[in-house]
Every structure is written in C-alpha cells, then in structure tokens.
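Asker: Quick one: the structure is below, and I'll ask about it shortly.
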Amino acid sequence: MSRFFALRPRTIAVSTLVLLGVGAWLYLREGTAAPDLGVVPVKRGDFSVTVTTSGELRARKFVQITVPANAQEAEAYQLKIASLVPEGTVVKEGEVVAELDRSPLAAKVQEVSLALQKAEAQHTQAQLDTTLTLSQAREDLRSMQLQLEEKRIAKDQAVYEAPSVRRQAEIDNEKATRGLAKATTDYKTKTEQAVAKMREVGADLERQRNRLGTINDVMAGFTIKAPAAGMVIYVKEWNGRKKTAGSQVSPWEPTVATLPDLSQMESITYVNEIDVRKLSVNQSVAIALDADPSKLLKGIVVQVANVGEQRPNADAKVFEVRVNVEVADTTLRPGMTTSNAVLTQTVKNALFIPLEAVQSDSGRTFVYRKSGGTISRQEIATGAMSDDEVVVVRGLTADDRVLLVPPVNGLKMAFVPLTGGPPGVPPTDTGLGGRKIDITPPRSGTLK
C-alpha cells in the first residue's frame, strides 16, 4: 500500500502533462479562437448611409440693423459700438438698440465748422469787393458818358470855327465815343467776373454747410433704433466672433445686429471635402438640437457650395451646406447648435457588418468568419459604407457570424477566396458598389 501511495503523485503529474499537450494540439489543429474576441452575426435589412455634421441655426429671413447709410459721406469709415442691448432682447419698432461712439466725428464737426466760418467770411468779402468794384465801374462809365456829351457839344459849336479847330473837336469827340464803348465793355466783363467770383465762394460755402449738415445727420443716426419689432440677434465678424460693445463696424460691413424671422429657420454647416461629394440638394436631413436631444426636426438640403473655404478652426477646406428646417418651431433660436444627419443613400434588403470586422491585407478585403468551432479568412466584396457599418455584396450570408477582433495568428489561417473570380482578387462592381475599400473609419463630416 505504501508503494502505491508513493507512485501516485508521479502518475498524476504525468497525466496532467499529457492532458495539457492534447489540449494544445487540438487548439492548434482546429484554429479555435478565444471566446472573448467578440462574434457578431451578419445583419440583413435596409442599409442607410448618412453624413453627420454639426451646424448652427439662423433665420432665413431677417431685418438688418445697420449704421447710418450716409456714414461714408461724413468720412466716417471706422465706427465703434459704444453700447448694445443684450442678445435676445425683444424690442419694438423705434426702440434704441445701440449707440455708436461719437468721438471720431466730434473733431470732424469742429474742423468743418471752422471751414464753414472761413467760407462765410470769404463770401462776405467777395460780396463787398464786388460791390465796390462795380460801383466804381458804374461811376466811371457815367463820367465818360458826360464827357462824350461835352465833346459832342463842342464839336457842334466848332462848325463856325477854323478848320483846325473843327478837326480837333471831331478828334476829341471820337476819343470820347471810343472810351465810352470800352468802358461799357469793361463794365460787362467786371460784372461777369464778380458773378463768377461769387459763384465760386458761394459753392465753397454751400459745400461746407452740406458737410456740416451731413455730419450732424450721421451723428444723430449714431443712436440706432430698431427698424421693426423682433428679437435682437448679434451678427458675426469674419473671424467668427460676435459683434458686441467695443466691436468695429464700417460702411462696407454696416450690420450691427439683426431682427430674424423665427418662423423660417435653417441650419448652416460645413462639410469636409471627403464627405461633400455624398451630398446633393433635396436630400432628407434629421436635425437634433444639442439643447434638447430628444427633439427631432425634419430638414432638407437646399444648397451645397461648389467652392471650398478655409474656416478659422479647420485644418482643411470645407464646403458650406444649407439645410432648411421644414416645420416651424417657436422654441428655435438663432445660434443654437444642431446635429444634422443627412441621408445620402439607402440600400434595400442588404447584408451588412460592423466596419471594424473588415480586414485588409495585400490588396484583399476579408473577414474572420466563424463556423462552428473553426475560423477562416473569408474574402468579401463590399458596397456602401456608413460611419460604423459596411454592406457586404458577396462572400457572406445572413447565417454567418464574423469576429470583430482578429484572432491570434489570424493571418496564418486558411484564406477562402470569392467564387467566380481569381483567388485573392476582389471582383468588379456588381451593381451595389462592390469594391476594395479603405478600412480606416471615415472622418465625421463635422468641421465647425
């Protein structure tokens, strides 16, 4: 008996080693995967391809609140918002919305006032000069008329005088006649000169008066009032920041704020150049609000930009996409952030699997298919692809199951090529878009 108990530990150790060896041999022969790799069935149904983007609500129609329209005439090119009512304030028509800084025009008023005073003085001086000049010219003309009359009388009296005396009287009369004619012509010229001078100083005087009047009108318009009733919404500058107190406005960008029509809203979003090719006008959009994710709204794509642009916070060029909200909602406000799911494609009765289950090696697209206790590499042809799933055109059936994570030594397992084509070469497009794909998950269409 003691001998039996002495041999028992050795027998147990040998048996344990034999069992472990047999188990390892069976594992390597069958290629069985670990139970925790994650196995999912192939799905069948309608497959939808969506592009998800984030956007911002704004009103399709709105009334602009702007700086005075004639600000440029007053040489006011850069204006500063001194005060602005809080965003979201509901105002009535005629209520004060903003005040602009008047200091730049205050100096301009003083400058133009001095110019106006100088113009008025010049106008008065020209009037006095003209009065004196023409008065003297009229007096000289009258004296020459009297002289001519004297010479004419002397000529008539010289009829009975000696010939030399008569000739001298005739010469004096002719000189007086010619002098009067010249004085008359000079008087007309001086009158025209006086009129031109008065017109010149008068034009300068009127110009200065108009400048001062325009500046005063513009300064009166620096108290900006609401052109209609509505809710005040701030506008954004080129860098995406909202215009507030202290921001600059100009005649070229005159809008201070807007009064939107809240019954007609749209979501403005920017899509990267990879996803924009999938979008087109009239595609359906499911709109969700970040402020209330439970509320879903229907939308439709109404415009896709043809030219990309570089946004301040984007690394690549993006394209602006406008999505109309089809149903009015009184709770919507401009500036709300939205999540837009654009339905770009629907494949009826399709087979599809998670995108992470698809593998690629040496130009071949395949999955790890599990059948019973064995796993094999099954080549597949893929079709439409969403953010997390892809359609399988060929290679799998609705009864198959695939692994989400490659097993250990997976690339050494048997490769099953697609039938109907050369081994290891994916078939051509079969109508649903079967093609080799890039397994890298697509980037989100959101570039804000």
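Asker: Could you calculate the contour length gain from residue 326 to residue 399, that is, 0.36 nm times the residue separation minus the distance between their Cα atoms, to one decimal place in nm?
Answerer: Length gained, residue 326 through residue 399: 22.1 nm.
Asker: Given Cβ point charges of +1 (Lys, Arg) and -1 (Asp, Glu) and nothing else, what value in debye, to the nearest 20, does the dipole of region 102-150 about its Cα centre take?
Answerer: 540 debye
Asker: Let me ask something additional. Taking residue 298 as the anchor, which aspartates and glutamates have their alpha carbon closer than 17 Å to its alpha carbon, excluding any fewer than eight residues away along the same chain?
Answerer: 56, 266, 290, 326, 329
Asker: What length, rounded to one decimal in nm, is gained on full extension from residue 349 through to residue 255, with 0.36 nm per residue of separation minus their alpha-carbon distance?
Answerer: Additional length available on full extension: 28.6 nm.
Asker: Ok, one more. Among 265, 413, what is the fewest-to-most ranking by other Cβ atoms within 10 Å?
Answerer: By the 10 Å Cβ count, ascending: 413, 265.
Asker: Another question, if that's okay. With an 8 Å Cα cut-off and a minimum separation of 6 or more residues, compute the relative contact order for region 105-220 in percent.
Answerer: 50 percent
Asker: Here's a follow-up. Of 206, 389, 273, which is the most mobile in a GNM of the chain whose springs link Cα atoms less than 10 angstrom apart?
Answerer: Maximum fluctuation in the GNM of the chain, among the listed residues, is at 206.
Asker: Starting from the amide H of residue 345, placed 1.01 Å from N in the peptide plane, find each other amide H under 5 Å away whose residue is 5 or more places distant or on another chain.
Answerer: The list, which skips near neighbours in sequence, is 49.
Asker: In nm, what is the difference between 0.36 nm times the number of residues separating residue 263 and residue 167 and their Cα-Cα distance?
Answerer: Length gained between residue 263 and residue 167: 24.1 nm.
Asker: What does the charge add up to near residue 83, with Lys and Arg as +1, Asp and Glu as -1, over the other residues with Cβ less than 10 Å from its Cβ?
Answerer: -2
Asker: Against the longest alpha carbon principal axis of the chain, how many degrees, from 0 to 90 and to the nearest 10, is the axis of helix 2-30 turned?
Answerer: Orientation of helix 2-30: about 50 degrees from the principal axis.
Asker: In a Gaussian network model over the chain where Cα atoms closer than 10 Å are linked, find which of 325, 281, 342 has the largest mean-square fluctuation.
Answerer: Most flexible of the set in this elastic network: 281.
Asker: Relative to the longest principal axis of the C-alpha atoms of the chain, give the angle of the C-alpha long axis of helix 163-220, reported between 0 and 90° and rounded to the nearest 10°.
Answerer: 30 degrees
Asker: What FRET efficiency comes out for residue 136 versus residue 193 if R0 is 22 angstrom and r is the Cβ-Cβ distance? Round to the nearest 0.05.
Answerer: Computed FRET efficiency for residue 136 and residue 193 comes out at 0.95.
Asker: With each label point set 7 Å from Cα along the Cα-Cβ vector, what nm distance links residue 241 and residue 311?
Answerer: Between residue 241 and residue 311, the label points sit 1.9 nm apart.
Asker: Please work out the Cα center distance from region 218-259 to region 107-164, rounded to the nearest Å.
Answerer: Region 218-259 and region 107-164 have Cα centres separated by 60 Å.
Asker: If the only charges are +1 at each Lys and Arg Cβ and -1 at each Asp and Glu Cβ, what is the size of the charge dipole of the chain around the Cα centre, to the nearest 20 debye?
Answerer: My answer is approximately 1660 debye.
Asker: Can you compute the FRET efficiency between residue 77 and residue 223 using 1/(1 + (r/R0)^6), with r the Cβ-Cβ distance and R0 = 22 Å? Round to the nearest 0.05.
Answerer: Efficiency computed from Cβ-Cβ geometry: 0.65.
Asker: Show that you can apply the helix-only estimate: for the chain, add -39,500 (n - 2.57) for every DSSP H stretch of four or more residues, divide by all residues, and state [θ] at 222 nm to the nearest 500.
Answerer: -12000 deg cm²/dmol
Asker: Just give me a number: lysine pairs in region 105-220, eight or more positions apart or cross-chain, with C-alpha atoms less than 16 Å apart.
Answerer: Eligible lysine pairs with Cα atoms under 16 Å apart amount to 6.
Asker: For the charge dipole of the chain, defined by +1 on Lys and Arg C-beta atoms and -1 on Asp and Glu C-beta atoms about the Cα centroid, which residue among 94, 396, 323 has the Cα displaced farthest towards the positive pole?
Answerer: Checked the options; the winner is 396.
Asker: Charges only on Cβ, +1 for Lys and Arg, -1 for Asp and Glu: so what's the dipole of region 262-345 about the Cα centre, in debye to the nearest 20?
Answerer: Computed charge dipole of region 262-345: roughly 120 debye.
Asker: Once amide H atoms are built 1.01 Å from N in the peptide plane, which residues 5 or more positions from residue 416, or in another chain, come under 5 Å H to H?
Answerer: The list, which skips near neighbours in sequence, is 377, 378, 379.
We did not get these values from a lab; they are worked out from the coordinates using the rules stated. Note that the coordinates shown come from a computational prediction; the quantities given were computed from them, not determined experimentally. Cβ sites come from the backbone with ideal geometry, for glycine too, and all protein chains shown count toward neighbours.
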